[in-house]
Each structure stands twice: as structure tokens, then as C-alpha cells.
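To start, the structure under review is shown below, and the notes come after it.
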Amino acid sequence: MKFGIVTFPGSNGDYDAYRAPIDALAEESVYLWHKDHDLQGADVVILPGGFSYGDYLRPGAIARFSPIMQEVTAHARRGGPVLAICNGFQIACEAGLLPGALQRNASLKFVCAPIALRVENADTIFTSRYDARQLITVPIAHGDGRYSADEETLDRLEGEGQVVFRYAPDRLQAAEAYNPNGSMRDIAGIVSTEGNVLGMMPHPERAVDPVLGSADGLALFESILQRVAA
């Protein structure tokens, strides 16, 4: 299987996203430059974290117009898997691949820390190797991660099982301690209606080996491999 990792000016999570499939799965990764119109045969596309185009205007607002995003959007519409991480989540929302928006953290501070997540839906191509309600630890690093949407959209996401990950306490904690950015309904990751586009603020590619502090992100990549290869 081939993973295609898009690199925008300002991306800083592209190397981690590139290495994760190679080191954790022994699968192939290729870089996809933002000006290109070629996915190089990638089966799975990853929109990585960082600060695409310096986050000018607002995060993801300029990257959505990159030439490569035409190909990513076409890939998604064909049912191809897209994993949108952190800034990639912001780009996916701006491009209309996912509903809602990512706004400035409620604290108005950049937050970088390991965080506890609860797997809300283990029946997706990205989460089949997890158990429902499983608690995992995955790092975050963002200043604009507060997921926001209107109540109708939030209700639909909840009702249709599109909320995949939620910030959750790993011990007795106050809400401001376990929800690092003030996301509505503690949402950390959602999947598209068709189930093939996952957007999440935490970084699973930085949690694929115990030496990194957590290997809880490994099951996400194993899920993709299991479902897409099949």
C-alpha cells in the first residue's frame, strides 16, 4: 500500500507522517508537493500538521486552493481514504471535505502535550483495530484546535456516528484539564458522511512507538492497512 503525504509551505508534520507507515507498517510513503497534480498512485492521502502558508488569513484557508487539493478532493469523492491531521483537519474543513471549523483555542494559547482520547466509533476504516470507548493517549500541538459547528451539524455528527474521537479524562479531571482547546462537545476527531475522510487534531503519527511516549496511534494506521488492503 502506498501513502501519499502532502507537503505545503509551512508543513512541519509531513516527515513524521511520511515515516509512520514505513516504520510502523513497512509500507511505502511518498511526498506530494502542493503545486503538483499527481497523487503518484497513493492509496491513502495524508494532510499533515503544521502551519500551511503561515496560517495567513486563517489556518487552512490558503492551502485549500493548492493545485494538489484538486486531486485530493477527487480522490476523496472516489471513496479514497484521506487522513487529515491537525492543520490537515483545518484544511479539510476549509475545502469542504468535512463540516465545521477549527477556531482559536479557548485559552488563546498554543497547547503541546499528550492528551487522553476516547474512541467513540470503532467501526470506521481508521479505527477498526480499537475497541469502542477505549481510552488512548495521543499528543497534540496546536493553537487553533477548537472544533466548532452549529447545533444542527453537531447533532447530525453525533446521531450518525461521525464523532470518532473525543477528549476525555483519564482520571478525575475538570473539563478545562482534559479538553485542551474548548472544542464543542469535546470533539477531537470526526469522519465524513461517507466514512473515508478522517479529521483529527491529535497526532497519531507521533504515537506509533513506545519510545515516542505512546504507541496508541499505531492501531489507526493498522486499521487503515487492514481495511484498505482488503
Between Ala116, Ala63, Ala149, where does the largest GNM mean-square fluctuation fall for the chain, given springs only between Cα atoms within less than 10 Å? Ala149
Going by how many other beta carbons lie within 10 Å of each one, how would you line up Cys86, Cys112, fewest first? Cys112, Cys86
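Helix-derived [θ] at 222 nm for the chain: sum -39500 (n - 2.57) over DSSP H runs of at least 4, divide by residue count, nearest 500?
Only helices count here, giving -7000 deg cm²/dmol.
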What number in nm² do you get for the stretch 2-229 if you take the convex hull of its Cα atoms and divide its surface by four? 11.1
For the stretch 15-54, just say rounded, prolate or oblate: build the C-alpha gyration tensor, square-root its eigenvalues into a ≥ b ≥ c, call rounded for a/c under 1.5, and beyond that prolate if a/b exceeds b/c, oblate if not. oblate
Cα gyration tensor, the stretch 108-230 - rounded (a/c under 1.5), prolate or oblate: oblate
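Readers should treat all values here as calculations from the given coordinates under stated rules, not as data from a laboratory. Note that the coordinates shown come from a computational prediction; the quantities given were computed from them, not determined experimentally. Note: ideal-geometry Cβ built from the backbone for every residue, glycine included; neighbour counts use all protein chains shown.
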